[in-house]
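Novice: Here it is, the structure, as structure tokens.
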Amino acid sequence: MTKYRPSRRHFLVQAAVAAAVAPLLTIIARQPAGAELYKLPLDNPQAKALGYVENAATTKNPAYKPGSSCSNCQFHNAETGGCSLFANYAVSPKGWCAAWAKKA
């Protein structure tokens, strides 16, 4: 059986890897899984481009179909209140945008 003898080179490689991973761990630690999402601001560029409104009944977009809202859209996640189109943001279940697609 050979005895393990750590070398300086091995130590430096491990230290470099640890130094590279440490900032990533702090980023991950800031946003725990299941953390509350931020409310989607109406001045968000993507929200503006898709014509997002917090109340579907108030939209004047010609693509709007009565009865369509975020709550019955395939992109909406009812558990988190989030939308896959707007990462890290929660949308109103009564909201609507031009990317609405009927939930399968």
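Novice: Mind listing the phi-derived Karplus ³J(HN,Hα) values for the stretch 53-70, rounded to whole Hz, using 6.51, -1.76 and 1.60 with θ = phi - 60°, and x for any glycine or proline?
Specialist: 10, 7, 10, 4, 5, 8, 6, 10, 5, x, 7, 5, 10, x, x, 8, 7, 4
Novice: If you don't mind, there's one more thing I want to ask. Within the chain, how many Lys pairs that are eight or more residues apart, or on different chains, come under 30 Å at the alpha-carbon?
Specialist: 19
Novice: Here's a follow-up. Taking 7 Å along the Cα-to-C-beta vector as the label spot, tell me the ALA78-LYS102 distance in nanometres, rounded to one decimal.
Specialist: Placing both labels 7 Å along Cα→Cβ, they lie 1.7 nm apart.
Novice: On to the next question. Give me VAL91, VAL21 sorted ascending by neighbouring Cβ count inside 10 Å, so fewest comes first.
Specialist: VAL21, VAL91
Novice: Let me ask another. With a cut-off of 8 Å between alpha carbons and a minimum separation of six or more residues, what is the relative contact order of the stretch 8-90 in percent?
Specialist: 29 percent
Novice: Hey, could you pull the Cα Rg and Dmax for the stretch 8-90, both in Å?
Specialist: Cα-based Rg and Dmax for the stretch 8-90 come out at 20.4, 69 Å.
Novice: Within a Cβ distance under 14 Å of ALA57, other residues only, what is the Lys/Arg minus Asp/Glu net charge?
Specialist: +2
Throughout, read-outs are computed from the coordinates displayed, never taken from laboratory work. Everything numeric in this text was worked out from a predicted model, so none of it was measured. Please note: Cβ atoms are built from the backbone with ideal geometry, for glycine as well, and neighbour counts cover all protein chains shown.
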